[in-house]
Amino acid sequence: MTGVLEGQSEETETMYDAVDPEKTDDNEVIKTEASLFSLDMLHVIKDAQAQHGLRHGDYQRYHGYCNRKLKRIRKVLKFRMGEKRRVTPKKITESLFSDPRYMLMLLMTSERAWSMAMYLKQEATQEPRKRHHMVEKMRKAVVHASELNKLCEESEKVDARTKLEAQAYSCYMSGILQFELKNWVSARDLFRKTQTIYGKLSDAMSKEEQPVYKNMVDEIDPNIRYCAYTIGDQSAMDDLMHIHGTGRQDPLLAGKLDSLIAASRERKAASMSEVTWRNRTIRIKNNKVRLFLIGVKDFDKDLSEIDEKDHESRIEMYDQVLTECKDALQYTREDIRTDPHSKANERGVKVSDLQFLSSYLSYLRLTKMIKRNLLMVDQLQAKAPPLLVTGAGDEGASGDAGRKGPKPTDFIRLYDVVLQNLSEVLSLPGLSGDADLQTEIDVQKRAFQAYRCFYVAQAFVADKKWTEAMALYDRVLEHANYAIKAFQSMDTEASGEFDFLQPAKLELLIEAIAFNRYRVHASAVLDGVKDKPKNPVDTKLPLCDRLEDFVDDPAISSLNNKKPNAKTPSMTSSFPPPFEPVPCKPLFFDLALNHASFPSLESKLGQKQQKAGLTSMLSTWWGWGGKK
């Protein structure tokens, strides 16, 4: 049975043992001071549960861990329960109690039975027979916890703190058993005793050890209140509603608390038959819609009790109520389809009650969505750098690459959704002639448009679009001033229904705009100086030809620092000097030579000697080679 429930092979168990942080730390949690044994039971249990499945509600994995832990402890202590073929139960007596790990063995045995009981409780929703098996496993856990408590009380080897922890653990296990058996008085007394012991231990411990005991006290408190309510204490109902709203509840109460709250709402819904909204009374016939409207009233009360800085819990509560609102709207639309008198006439006949109820539910959904989105905006502002939110702060901090904070587009997207929700409110049936509502929504839209323009301007600043950013800052001032004047002229009681943005926030926005305008103007001027085009300097020219341009020549600086292999600096003047045109001496030409005549010298040159041979003879015969 154990192997099937664990669902793990021997190879998987060996892998768990290899990474088991509890395998070698027995000496860390077990102390022997002045020959007294000490065991921090609550620390051991909570650390093991957090590391081995209970953080995600996996009781089966925790049961397997306890089983393997017991095998290791028994092997070290050589505590055998019989032979291979036969099991002989063996109890730990005072004479055998020579090692503090015997206490750890009893503790893990009880934890193994408890984890199996909780696993069977999860499975009992589908198979009712497993509930009986769960109760038997819980009885077994109580027996082992009682043996641990008895061993610590009767032994003089155990210190006082360990005795108190063993007593508290035994009372807690007994309280869980009585809770499952629906013995509410016994369960309440046992839980109170456990809470008292852990409270006193918390006061006696150091600051580092107190959180574990305080968390245990808070974990037991919902069980005590539930027992008190079932006994007949109606005042405990409000506390249970608060615990359910905040999400701080024990897994033991997960299903029972939901059914209890549903039953309480059904009793209140029986007396709720109508609701008044926008000076009109609406009759409510659907019981599921009544339950939702009662839950909305409880939601506002529970939300006010949560810390404003705890954005995650508040957003989670809004998500839950929006899901319930969606279901209520679906029930109302089904009633409209089946009711023949619910179709509104397009010629201006008054809207029916069911349609007006649908408008009211849609209005609740839209307003809750707006508040949820504004919570998300606050959450982003807490994570964003100051330069993005208000424009104040160090500019370098916003551009830190190591910090991945929100971007202006994240804020713009949320404000777009808010503006869309406000527009949808005006389009609901039955609200077209409500002038006061239209005025309130128009003022809120102008206020949200101011914030949207602000973050669009911040996006342009990030892109260094200074002109567009300055224009949007002017638009922000326009929207904000209009909204502030409208808020002052409106009646405070009439505008209480739409209190998403107050004039104080808009005044802070106007102050931020004044700073941002100066910052953007200065950034634009500096950016213009940096981006001014410069003509490149030709460093090949001599220094005397470029005296108006300064260039930091690395060759010259290297010579001044007397670095090796320094290059020759640029010339101060060109060498050799360039050629320049100069005037030349005038040229005189002798023209008389052209008119001079000289005597013939042919007589002094002599005659030419004739050529001999056949060629000469033939040329003479035929006329070749004759004198001209």
Does the stretch 284-296 include one or more residues that are within 30 Å of TRP184 (Cα to Cα), at pLDDT below 85 and either among the acidic types (Asp, Glu) or surrounded by fewer than 17 Cβ atoms within 10 Å (Cβ to Cβ) (or both)? no
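So which residues in the stretch 464-486 are among the hydrophobic types (A, V, I, L, M, F, W, C) and modelled with pLDDT of 90 or more, if there are any at all?
TRP466, ALA469, MET470, ALA471, LEU472, VAL476, LEU477, ALA480, ALA483, ILE484, listed by residue number.
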From (1) modelled with pLDDT under 85; (2) closer than 30 Å to GLN355 by Cα, pick out the condition that doesn't hold for ARG446. (1)
Can you find a residue that is open to solvent by less than 10 Å² (accessible area, probe 1.4 Å), aromatic (Phe, Trp, Tyr) and in contact with a Gly (Cβ under 9 Å, 6 or more places away or on another chain) anywhere in the stretch 52-73? yes
Would you be able to tell me the number of residues in the stretch 327-340 that are surrounded by fewer than 11 Cβ atoms within 10 Å (Cβ to Cβ) and closer than 19 Å to THR367 by Cα? 0
Residue within the stretch 419-426 that is open to solvent by 60 Å² or more (accessible area, probe 1.4 Å), closer than 30 Å to SER523 by Cβ, modelled with pLDDT of 90 or more and in a helix (DSSP H, G or I) present: no
Scanning the stretch 216-233 for residues that are assigned to a helix (DSSP H, G or I) and out of contact with any helix residue (DSSP H, G or I) (no Cβ under 8 Å at 6 or more places or on another chain), which turns out surrounded by the fewest Cβ atoms within 10 Å (Cβ to Cβ)? ASP218
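Every residue, every condition in (1) touching a Ser or Thr at 6+ places or on another chain (Cβ under 6 Å); (2) open to solvent by 40 Å² or more (accessible area, probe 1.4 Å); (3) assigned to a loop (DSSP other than H, G, I, E, B), yes or no:
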site: VAL417; (1), (2), (3): no, yes, no
site: LEU431; (1), (2), (3): no, no, yes
site: ALA447; (1), (2), (3): no, no, no
site: CYS453; (1), (2), (3): no, no, no
site: ALA469; (1), (2), (3): no, no, no
site: TYR473; (1), (2), (3): no, no, no
site: LEU477; (1), (2), (3): no, yes, no
Does the stretch 197-213 hold any residues that are open to solvent by less than 40 Å² (accessible area, probe 1.4 Å) and in contact (Cβ under 8 Å) with a residue 12 or more places away in the chain, and which are they? ILE197, TYR198, GLY199, LEU201, SER202, VAL212, TYR213
Looking at the stretch 77-85, can you tell me whether even one residue there is at pLDDT 85 or above, at negative phi and open to solvent by 40 Å² or more (accessible area, probe 1.4 Å)? no
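The values are calculated or read from the model by the stated rules, or taken from the named source; none is laboratory data. Bear in mind that the values here come from a model prediction, so they are computed numbers and not experimental data. Reconstructed Cβ throughout: ideal geometry from the backbone, glycine too, with neighbour counts over all protein chains shown. These accessible areas exclude ligands, DNA and RNA; they are computed on the full protein's heavy atoms, side chains included. Shrake-Rupley method; radii C 1.70, N 1.55, O 1.52, S 1.80 Å.
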